[in-house]
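Q: Quick one: the structure is below, questions incoming.
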Amino acid sequence: MTQTGFDKMKSELDELKNVKRPEIQLAIGEARAHGDLKENAEYHAAREAQGLLEAKIRELDDKLARTEIVDSSKIPKDAIYLGAKTELEDRDSGDIEVFQFVGAGEDDPVNGKILVTSPFAKALLGKKIGDEVDVEVPMGTLKYKVLSIEYEI
């Protein structure tokens, strides 16, 4: 994972622990004050939200504990690897598309952040500016030319 992705995940975990957890605890306390817990829908909803929150906190804690941050100084800057922001030209349509190859937990395909272990990314890894790449996808073959490769420092 990149340092940026790690920092983002750490920030999310801090938000869950220090903001969301106290909010849910407060909601449980308020619902408990309304009396009979057996038929108290607010109490049961707050307890369910607490369970989901605690599961998410455990998941993020585990991911952060097992994460290895990639040393960007060891990545060749002239080819596509983890962290690369790449501009590709669709050889059929001429359209320009921009993708960034990221680690687990950082992916956001809608915003062009592609998981580096995805089949799409694997087809592009190691490619350099000027290389032409054919990427096999379920709907056929996508044909690209690598126009630029950029790494954030």
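The values are calculated or read from the model by the stated rules, or taken from the named source; none is laboratory data. In this text, all values refer to a predicted model and were calculated from it rather than measured experimentally. In this analysis, Cβ positions are derived from the backbone assuming ideal geometry, glycine residues included, and neighbour counts consider all displayed protein chains.
Q: Which ones in region 25-37 are on the phi > 0 side of the Ramachandran plot and either crowded, with 16+ Cβ neighbours inside 10 Å or of a type in the set (Ser, Thr, Tyr) (or both)?
A: none
Q: Gly35 passes all but one of (1) part of a helix (DSSP H, G or I); (2) of a type outside the set (S, T, N, Q); (3) over 17 Å from Asp107 (Cβ atoms); which number fails?
A: Evaluating Gly35 over (1) part of a helix (DSSP H, G or I); (2) of a type outside the set (S, T, N, Q); (3) over 17 Å from Asp107 (Cβ atoms) leaves (1) as the failure.
Q: Confirm whether Ile57 is surrounded by fewer than 17 Cβ atoms within 10 Å (Cβ to Cβ), at pLDDT 85 or above and either outside any loop (DSSP other than H, G, I, E, B) or of a type outside the set (S, T, N, Q) (or both).
A: Here the answer is yes, as Ile57 does meet what is asked.
Q: Considering only residues that are out of contact with any Asp or Glu (no Cβ under 9 Å at 6 or more places or on another chain) and at pLDDT 85 or above, which ones fall in region 29-40?
A: Passing the criteria: only Gly29.
Okay, residues lined up against (1) free of Cβ contacts under 8 Å to residues at least 60 places away in the same chain; (2) not β-branched (Val, Ile, Thr):
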| position | (1), (2) |
| --- | --- |
| Gly51 | yes, yes |
| Ala65 | yes, yes |
| Asp78 | no, yes |
| Gly83 | no, yes |
| Thr86 | no, no |
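Q: Give me a count of the residues in region 1-27 that are closer than 20 Å to Ala46 by Cα and either among the basic types (Lys, Arg) or in contact with a Phe, Trp or Tyr (Cβ under 7 Å, 6 or more places away or on another chain) (or both).
A: 3
Q: Do you know which of the residues in region 104-146 that are in contact with a strand residue (DSSP E or B) (Cβ under 6 Å, 6 or more places away or on another chain) and more than 17 Å from Tyr81 (Cβ to Cβ) is surrounded by the most Cβ atoms within 10 Å (Cβ to Cβ)?
A: The selected residue is Leu142.
Q: Any residue that is within 30 Å of Lys85 (Cα to Cα) and not assigned by TED's automatic domain parsing to the domain that holds Asp107 - is there at least one of those in region 15-35?
A: Scanning region 15-35, I find at least one residue that is within 30 Å of Lys85 (Cα to Cα) and not assigned by TED's automatic domain parsing to the domain that holds Asp107, so the answer is yes.
Q: Which one of Ile57, Ile80 is more than 30 Å from Lys127 (Cβ to Cβ) and either touching a Lys or Arg at 6+ places or on another chain (Cβ under 6 Å) or not acidic (Asp, Glu) (or both)?
A: Going through Ile57, Ile80 in turn, just one is more than 30 Å from Lys127 (Cβ to Cβ) and either touching a Lys or Arg at 6+ places or on another chain (Cβ under 6 Å) or not acidic (Asp, Glu) (or both): Ile57.
Q: Right, another one. Out of curiosity, is Gly105 touching a helix residue (DSSP H, G or I) at 6+ places or on another chain (Cβ under 7 Å), in a loop (DSSP other than H, G, I, E, B) and in contact (Cβ under 8 Å) with a residue 12 or more places away in the chain?
A: The answer is yes for Gly105.
Q: Give the residues of region 38-54 that are among the charged types (D, E, K, R), surrounded by fewer than 16 Cβ atoms within 10 Å (Cβ to Cβ) and assigned to a helix (DSSP H, G or I), sorted by residue number.
A: Glu42, Glu48, Glu54
Q: Let me ask something else. Take the residues of region 116-131 that are of a type in the set (Val, Ile, Thr) and within 18 Å of the chain's Cα centre (by Cα): which is farthest from Ile149 (Cα to Cα)?
A: Step by step, filter region 116-131, then rank; the result is Thr117.
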